[in-house]
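The values are calculated or read from the model by the stated rules, or taken from the named source; none is laboratory data. These numbers come from a predicted model, not from an experiment. Here the Cβ positions follow ideal geometry from the backbone for every residue, glycine too, while neighbour counts run over all protein chains shown. Heavy atoms of the whole protein, side chains included, go into the accessibility calculation; ligands, DNA and RNA do not. Shrake-Rupley method; radii C 1.70, N 1.55, O 1.52, S 1.80 Å.
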Amino acid sequence: MLESSQPVKTQRIALVIQYQGTHFHGWQKQPKYCSIQEEIEKAISTVVGDDVTLYGAGRTDSGVHAAAQVAHFNIASKIPPSKWSSILNSYLPQDILIRASAGVSDNWHARFSAAYRRYRYTIYNEKLPNLFVKPFSWHYYHASLDESLIRAALQPLIGKHHLAAFHRANSERKHSWVDVQAVECYRDGALVHIEIQADGFLYGMVRLLVGMLVQVGSGQRSVLNFTNIWKQERRNEVRYAAPPQGLCLLRVGYREFPFPAKIWYDTLPKFNLSDNSVNKISDCILGEITA
């Protein structure tokens, strides 16, 4: 008599995910639009022949990118956890990539176990357009931005604050408290980068925030005025959101994480558009011409 096969144990698989959000309507699955979550769930279902739910660390808006989004799913399968990344990549479109996969404990959760999320917003602050940075930056050519003013405006945000001024009305979140852990603004030639790290983010928060920070950096609004608006929760004065393509979910941090830093910590490449680089190229071209 043949022995019955042993049931396959259910595993929880964590994924580190990169995607270019240009052609997707955000992370979350929607009835009428293509989303990142749906594409990955379809790929998993194709492999196992059954419906699977994917739980993400956070929801990115339509057109927003991710350098290291994190998600997990539960599956009863003999496939080793580390093999899921390469298997799923063969079923996913070119603008979604599973960077790595690993097994985690049953009480680990991509969303609820996260200690922080960090976003980077990139502004291309130059009069001339550039096709190769266009998909990943906001081309702001109206004025030169002063990054020191943006840094000054960012500093008071550190700490736990009620940021209702940057909370969109159609958000499902019931409160506007955010613990901002770190902020940064720096320039690399024509590119201005703004980074914000917090325990969680309000729906549309970073884009609304950057929209006002650009007004500060261009001299249209003072640092004090910006600070008073969010401290006094004057939501009606926050009218403009920065476009989505400049925003990227840089990483999600955990106290317990099965992936080495090289997989998730800083995987968003930076274009080198500094003046020094341009001068070096010009000198090189001139040298070739005169040689």
Looking only at region 133-151, filter to residues that are open to solvent by less than 50 Å² (accessible area, probe 1.4 Å) and either free of Cβ contacts under 8 Å to residues at least 12 places away in the same chain or in contact with a Phe, Trp or Tyr (Cβ under 9 Å, 6 or more places away or on another chain) (or both); which one of those is nearest to residue 185 (Cα to Cα)? 147
Could you check region 162-198 and list, in sequence order, the residues that are open to solvent by less than 60 Å² (accessible area, probe 1.4 Å), of a type in the set (Asp, Glu) and under 18 Å from residue 120 (Cβ atoms)? 188, 195
Please determine whether any residue of region 249-258 is part of a loop (DSSP other than H, G, I, E, B), under 15 Å from residue 69 (Cα atoms) and not small (Gly, Ala, Ser). yes
Residue that is surrounded by the fewest Cβ atoms within 10 Å (Cβ to Cβ), among those in region 152-161 that are among the small types (Gly, Ala, Ser) and in contact with a helix residue (DSSP H, G or I) (Cβ under 7 Å, 6 or more places away or on another chain): 152
Picking from 116, 121, 91, which residue would you name as being among the aromatic types (Phe, Trp, Tyr) and more than 22 Å from the chain's Cα centre (by Cα)? 91
Pick from region 229-240 the residues that are open to solvent by 50 Å² or more (accessible area, probe 1.4 Å) and over 13 Å from residue 168 (Cα atoms): which of them is nearest to the chain's Cα centre (by Cα)? 231
How many residues of region 169-199 are within 19 Å of residue 111 (Cβ to Cβ), at pLDDT 95 or above and charged (D, E, K, R)? The answer is 2
